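*Asks:* Below: one structure in structure tokens.
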Amino acid sequence: MYRYDEFDAQFVAERVAQFRGQVARRLSGELTEDQFKPLRLMNGLYLQLHAYMLRVAVPYGTLSSKQMRMLAHIARKYDKGYGHFTTRQNIQYNWPKLVDVPDLLDDLASVEMHAIQTSGNCVRNVTADHFAGAAKDEIEDPRPLAEIIRQWSSLHPEFVFLARKFKIAVGGDKTDRAALQWHDMAVEIVRNAQGSIGYKVIAGGGMGRIPYIAHVMKEFVEREDILAYLEAVLRVYNQDSRRDNIHKQRIKILINTIGPEEFRRRAQREFDEIKENGSLQLPPEELARITAYFAPPEFEKLPDEMPKGDEAFANWVKTNVHAHRAPGYAIATITLKSIGAVPGDASADQMDALADLMDRYGLGEIRVSHEQNLVLPHVRQKDLPAIHARLGALDLATPNAGLITDIIACPGLDYCDLANARSIPIAQDIARKFADLDRQHEIGELKIKISGCINACGHHHAGHIGILGVDKKGVEFYQLQLGGSGAEDASIGDILGPAFGEHEIADAVERVVDVYLQERAPGERFLDTYRRVGLAMFKTAAYEKPIFEKTVA
Amino acid sequence: MAHPAATGPQMLTANCLRQGDVLYWKAGGWVRDFAQGEILSDPATATAALDAAQKFVTDNRVVAPYLFEVREQNGKIRPVKEREIVRAAGPSIRTDLGKQAAPETKHV
């Protein structure tokens with residue numbers, strides 16, 4: 001894992017001290033709320049529906065056991081005993097008091113963590129494939145580059161006042177587990193025809209009110225040029241984006257307004273200029289220095305031999321255990337989605353117990369996934385039964401990774417000041433409806449994603465089944481979308497029609513799933529069948545029963 | 001937030017600056033419990049309360065005061081919008097948290 005150097009530690013410590021002063025000045029009245037708000041947002045502190053909320057950055061989703069223990073400590077000392085892992089691989093605390101936040105940030109800094117740039121119009125926490133460094137078919141671990149991008153984009157003087165937030169992801173595998181094509185900008189590590197490793201850069205993806213899949217900016221960027229090219233793209237965005245209309249300020253709007261070809265031309269012009277000046281080259285020795293922090297652990301020489309176990313263990317292995325690059329090892333996904341639970345929530349006790357599990361079986365490391373799950377990236381296959389048993393005792397062994405009950409849901413109206421409708425109760429209703437494990441396996445891979453407003457933190461545009469909460473005269477309704485994907489076959493879901501009432505949406509989902517089960521060809525996932533047969537049949541089934549909107553009209 | 005053209009009863013809410021808690025206006029001050037909050041029966045009364053709340057903003061005791069609509073339902077006053085219902089109670093999926101868990105009625 002990356003360790004702070006002297007500069008990092010000093011930078012974070014100074015930032016905490018600075019924020020402590022800003023909080024003191026706010027409380028004394030020296031700063032007004034209007035003056036203070038942008039300062040607290042720069043430090044990840046929001047004012048939500050019930051209380052302040054602090055979003056803590058988990059760079060590229062990687063946590064050590066020491067950090068996990070600190071997250072548990074913070075949940076107990078400053079919050080209400082739990083935290084919420086988010087779709088950007090971060091963790092949020094829902095109840096901190098403003099007066100406590102400086103001390104909380106000091107505690108975070110003691111384990112090399114912070115909340116800087118988790119909000120505001122800047123480059124946000126850089127995310128990455130949660131199987132990084134462990135995936136069997138990975139070309140290269142994406143985290144060294146993600147860390148370099150983190151360093152480059154932290155308080156970058158040119159990009160601290162962008163038109164809007166800017167999200168970057170990095171993947172190192174043809175299998176996209178980081179939703180690359182949905183990001184403002186993303187880097188995919190690729191190998192060219194000559195066998196050299198370089199970077200494919202894409203930009204202009206995004207969810208929200210107007211969803212777009214990213215365009216390829218450059219198929220192959222040489223290693224030493226990557227920061228120069230990323231800077232070129234950001235510079236064009238920063239210079240040319242609209243700042244007069246909040247709905248048109250993301251890079252996706254700029255690229256799709258002027259066209260990807262024109263954007264590429266402008267980016268190339270900036271890139272050429274940066275290269276000509278000779279600045280921003282990424283020296284091989286610097287890449288090597290950062291890469292050394294992420295060197296693979298010394299894996300034992302073990303045979304590939306998946307242990308046998310009872311039915312519960314076998315079910316868990318089937319969905320939650322994935323192939324590892326090292327023989328005898330495995331990747332274990334811990335879904336924070338037990339039936340009826342709040343997706344992404346973990347209690348302080350669970351976090352502490354997970355830290356112990358990480359130390360005992362997981363080489364002290366864990367990952368946060370954008371699907372609001374946790375991942376033990378390096379575990380010995382022979383330890384899987386013990387891990388499964390321990391997770392079971394923590395109510396964390398639900399065998400549903402990638403299945404219909406492994407639902408992404410934003411905090412929604414239960415917590416969020418921007419939300420129009422609740423997301424979590426809908427996720428809970430659907431999970432309970434499909435709780436039967438045999439039925440889940442019968443359905444197979446099916447990704448449901450739920451957002452409580454058009455900002456789409458719950459990734460509804462990318463759900464095989466997406467659900468968007470809307471407000472109609474103060475009452476919650478839910479729009480259904482089908483056919484989205486956040487993987488390498490990325491697509492935007494199609495809106496089915498009028499929204500459903502709170503108590504109808506889970507039944508509508510069930511009717512849609514039934515159509516899939518009737519129509520699917522052998523080997524087809526829900527998404528494949530939808531793409532083959534189209535929307536009409538699903539729409540007919542979804543609206544087979546009168547919906548609330550019609551019955552009250 | 002309240003519709004600008006609200007004509008029915010309203011209440012006034014804000015957040016405590018230091019702690020972030022949701023507060024409700026009552027008799028020139030603030031309480032934490034929705035049920036103890038003051039019903040502002042007409043637009044003039046509501047606007048006057050919002051104006052009076054500004055003193056607490058400038059005194060750095062509360063942030064973001066705003067009016068929202070309420071109505072009587074089964075003999076009880078309830079917010080019109082789901083947003084305010086959740087805000088007054090706490091997360092609907094964690095009834096052990098928020099005001100629904102430990103209502104306090106004291107003045108702030």
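The values are calculated or read from the model by the stated rules, or taken from the named source; none is laboratory data. Bear in mind that the values here come from a model prediction, so they are computed numbers and not experimental data. No Cβ is skipped: glycine too gets one built from the backbone with ideal geometry, and neighbour counts run over all protein chains shown.
*Asks:* When only residues in segment A:68-78 that are surrounded by fewer than 24 Cβ atoms within 10 Å (Cβ to Cβ) and more than 13 Å from A:L105 (Cα to Cα) count, which is farthest from the other protein chains (Cβ to nearest Cβ)?
*Replies:* Result: A:R69.
*Asks:* From the list A:D359, A:D345, which one is charged (D, E, K, R), over 25 Å from A:E445 (Cβ atoms) and either surrounded by fewer than 22 Cβ atoms within 10 Å (Cβ to Cβ) or assigned by TED's automatic domain parsing to the domain that holds A:Y52 (or both)? Outline the logic, then answer.
*Replies:* Numbers: A:D345 fails: over 25 Å from A:E445 (Cβ atoms).
The unique qualifying residue is A:D359.
*Asks:* Go through the residues of segment A:512-521 one by one and say whether even a single one is surrounded by fewer than 18 Cβ atoms within 10 Å (Cβ to Cβ) and either in contact (Cβ under 8 Å) with a residue 24 or more places away in the chain or of a type in the set (S, T, Y) (or both). Spell out the reasoning first.
*Replies:* Going residue by residue through segment A:512-521, those that are surrounded by fewer than 18 Cβ atoms within 10 Å (Cβ to Cβ) are A:514, A:517-519, A:521.
Restricting the remaining residues to those that are either in contact (Cβ under 8 Å) with a residue 24 or more places away in the chain or of a type in the set (S, T, Y) (or both) gives A:514, A:517.
For segment A:512-521, residues surrounded by fewer than 18 Cβ atoms within 10 Å (Cβ to Cβ) and either in contact (Cβ under 8 Å) with a residue 24 or more places away in the chain or of a type in the set (S, T, Y) (or both): present.
*Asks:* On to the next question. All but one of (1) more than 14 Å from every other protein chain (Cβ to nearest Cβ); (2) at pLDDT 95 or above hold for A:D5, so report the exception by its number.
*Replies:* So A:D5 meets the others, but not (2).
*Asks:* Looking at segment A:349-372, which of its residues are closer than 27 Å to A:I168 by Cβ and either touching a Lys or Arg at 6+ places or on another chain (Cβ under 7 Å) or among the hydroxyl-bearing types (S, T, Y) (or both)?
*Replies:* The answer is A:S369, A:H370.
Table: residues versus (1) surrounded by fewer than 21 Cβ atoms within 10 Å (Cβ to Cβ); (2) over 21 Å from A:T127 (Cα atoms); (3) not assigned by TED's automatic domain parsing to the domain that holds A:V170.
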| site | (1), (2), (3) |
| --- | --- |
| A:L354 | no, yes, yes |
| A:E365 | no, no, yes |
| A:S369 | no, no, yes |
| A:D383 | yes, yes, yes |
| A:A386 | yes, yes, yes |
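*Asks:* How about segment B:21-33: which of its residues are in contact (Cβ under 8 Å) with a residue 12 or more places away in the chain and away from chain A (no Cβ under 12 Å)?
*Replies:* Of everything in segment B:21-33, those that are in contact (Cβ under 8 Å) with a residue 12 or more places away in the chain and away from chain A (no Cβ under 12 Å) turn out to be B:Y24, B:W25, B:K26, B:G28, B:G29, B:W30, B:V31, B:D33.
*Asks:* Of all residues in segment A:418-427 being farther than 13 Å from B:R87 by Cα and facing chain B (nearest Cβ under 7 Å), which is surrounded by the fewest Cβ atoms within 10 Å (Cβ to Cβ)?
*Replies:* In this case the residue turns out to be A:P425.
*Asks:* Identify, please: which residue in segment A:148-182 is more than 16 Å from the chain's Cα centre (by Cα) and acidic (D, E) and is, among those, farthest from A:G328 (Cα to Cα)?
*Replies:* Of everything passing the filter in segment A:148-182, A:E158 is farthest from A:G328 (Cα to Cα).
*Asks:* For segment A:510-530, does any single residue satisfy the condition of being polar (S, T, N, Q) and either on the phi > 0 side of the Ramachandran plot or assigned to a loop (DSSP other than H, G, I, E, B) (or both)?
*Replies:* No; the residues of segment A:510-530 include none that is polar (S, T, N, Q) and either on the phi > 0 side of the Ramachandran plot or assigned to a loop (DSSP other than H, G, I, E, B) (or both).
*Asks:* Starting from residues that are touching an Asp or Glu at 6+ places or on another chain (Cβ under 8 Å) and within 12 Å of chain A (Cβ to nearest Cβ), keep the ones in segment B:41-66 and report whichever is surrounded by the fewest Cβ atoms within 10 Å (Cβ to Cβ).
*Replies:* Of everything passing the filter in segment B:41-66, B:A64 is surrounded by the fewest Cβ atoms within 10 Å (Cβ to Cβ).
*Asks:* Condition first: assigned to a loop (DSSP other than H, G, I, E, B), surrounded by fewer than 24 Cβ atoms within 10 Å (Cβ to Cβ) and out of contact with any helix residue (DSSP H, G or I) (no Cβ under 7 Å at 6 or more places or on another chain). Can you find one or more residues in segment A:146-154 that meet it?
*Replies:* Scanning segment A:146-154 turns up at least one residue that is assigned to a loop (DSSP other than H, G, I, E, B), surrounded by fewer than 24 Cβ atoms within 10 Å (Cβ to Cβ) and out of contact with any helix residue (DSSP H, G or I) (no Cβ under 7 Å at 6 or more places or on another chain).
*Asks:* OK, next. Give segment B:80-94 a look and list any residue that's in contact with a strand residue (DSSP E or B) (Cβ under 9 Å, 6 or more places away or on another chain), surrounded by fewer than 22 Cβ atoms within 10 Å (Cβ to Cβ) and more than 8 Å from chain A (Cβ to nearest Cβ), or say none.
*Replies:* B:I85, the sole residue that qualifies.
*Asks:* Among the residues of segment A:441-468, which ones are crowded, with 24+ Cβ neighbours inside 10 Å and among the polar types (S, T, N, Q)?
*Replies:* A:S451
*Asks:* Same structure, new question: With (1) closer than 20 Å to A:G208 by Cα; (2) modelled with pLDDT of 95 or more; (3) touching a strand residue (DSSP E or B) at 6+ places or on another chain (Cβ under 8 Å); (4) surrounded by fewer than 24 Cβ atoms within 10 Å (Cβ to Cβ) as the list, and A:D471 as the residue in question, which single condition is left unmet?
*Replies:* (2)
*Asks:* Also, I was wondering about something else. Would you point out which residue out of B:E38, B:E72 is more than 11 Å from chain A (Cβ to nearest Cβ) and part of a loop (DSSP other than H, G, I, E, B)?
*Replies:* Going through B:E38, B:E72 in turn, the sole match is B:E38.
*Asks:* Name the single residue, out of those in segment A:23-49 being buried (at least 17 other Cβ atoms within 10 Å of the Cβ) and over 30 Å from the mean Cα position of the chain (by Cα), that is nearest to A:I91 (Cα to Cα).
*Replies:* First, the residues of segment A:23-49 that are buried (at least 17 other Cβ atoms within 10 Å of the Cβ): A:23, A:26, A:31, A:36-37, A:39-49.
Among the residues that remain, those that are also over 30 Å from the mean Cα position of the chain (by Cα) are: A:26, A:31.
Numbers: A:R26: 25, A:L31: 28 Å.
Filtering first and then ranking leaves A:R26.
*Asks:* Among the listed residues A:I210, A:I258, A:I253, A:I202, identify the single one that is more than 16 Å from A:F166 (Cβ to Cβ), within 23 Å of the chain's Cα centre (by Cα), of a type in the set (A, V, I, L, M, F, W, C) and not assigned by TED's automatic domain parsing to the domain that holds A:G493.
*Replies:* Checking each option against the conditions leaves just A:I210.
*Asks:* Among residues belonging to segment A:80-129 that are farther than 30 Å from A:A186 by Cβ and assigned to a loop (DSSP other than H, G, I, E, B), point out the one that is farthest from the other protein chains (Cβ to nearest Cβ).
*Replies:* Step by step, filter segment A:80-129, then rank; the result is A:S110.
Residue by residue, here is whether (1) outside any loop (DSSP other than H, G, I, E, B); (2) closer than 30 Å to A:C410 by Cβ; (3) under 9 Å from the mean Cα position of the chain (by Cα); (4) aromatic (F, W, Y) holds:
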position	(1), (2), (3), (4)
B:Y24	yes, yes, yes, yes
B:D51	yes, no, no, no
B:K55	yes, no, no, no
B:N60	no, no, no, no
B:L67	yes, yes, yes, no
B:I85	yes, yes, no, no
B:R94	no, yes, no, no
B:G98	no, yes, no, no
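*Asks:* Step by step: first the residues of segment A:24-64, then only those that are assigned to a strand (DSSP E or B) and closer than 30 Å to A:G362 by Cα, then the one that is nearest to the other protein chains (Cβ to nearest Cβ). Which residue is that?
*Replies:* A:L54
*Asks:* Still on this structure, I have one more. Which condition breaks for A:D438 when tested against (1) surrounded by fewer than 24 Cβ atoms within 10 Å (Cβ to Cβ); (2) more than 13 Å from every other protein chain (Cβ to nearest Cβ); (3) within 23 Å of the chain's Cα centre (by Cα); (4) free of Cβ contacts under 8 Å to residues at least 60 places away in the same chain?
*Replies:* (3)
*Asks:* Which pairs do you get when a residue that is facing chain A (nearest Cβ under 7 Å) and free of Cβ contacts under 8 Å to residues at least 12 places away in the same chain, found in segment B:7-20, comes within reach of a residue that is basic (K, R) and surrounded by fewer than 23 Cβ atoms within 10 Å (Cβ to Cβ), reach meaning Cβ atoms under 6 angstrom, with the pair 6+ apart or on two chains?
*Replies:* B:Q19/A:K97
*Asks:* Could you please find all residues in segment A:181-191 being in contact (Cβ under 8 Å) with a residue 60 or more places away in the chain and touching a Lys or Arg at 6+ places or on another chain (Cβ under 9 Å)? Can you show your working first?
*Replies:* Of segment A:181-191, the ones in contact (Cβ under 8 Å) with a residue 60 or more places away in the chain are A:181-182, A:184-185.
Within segment A:181-191, A:W182, A:D184, A:M185 meet the criteria.
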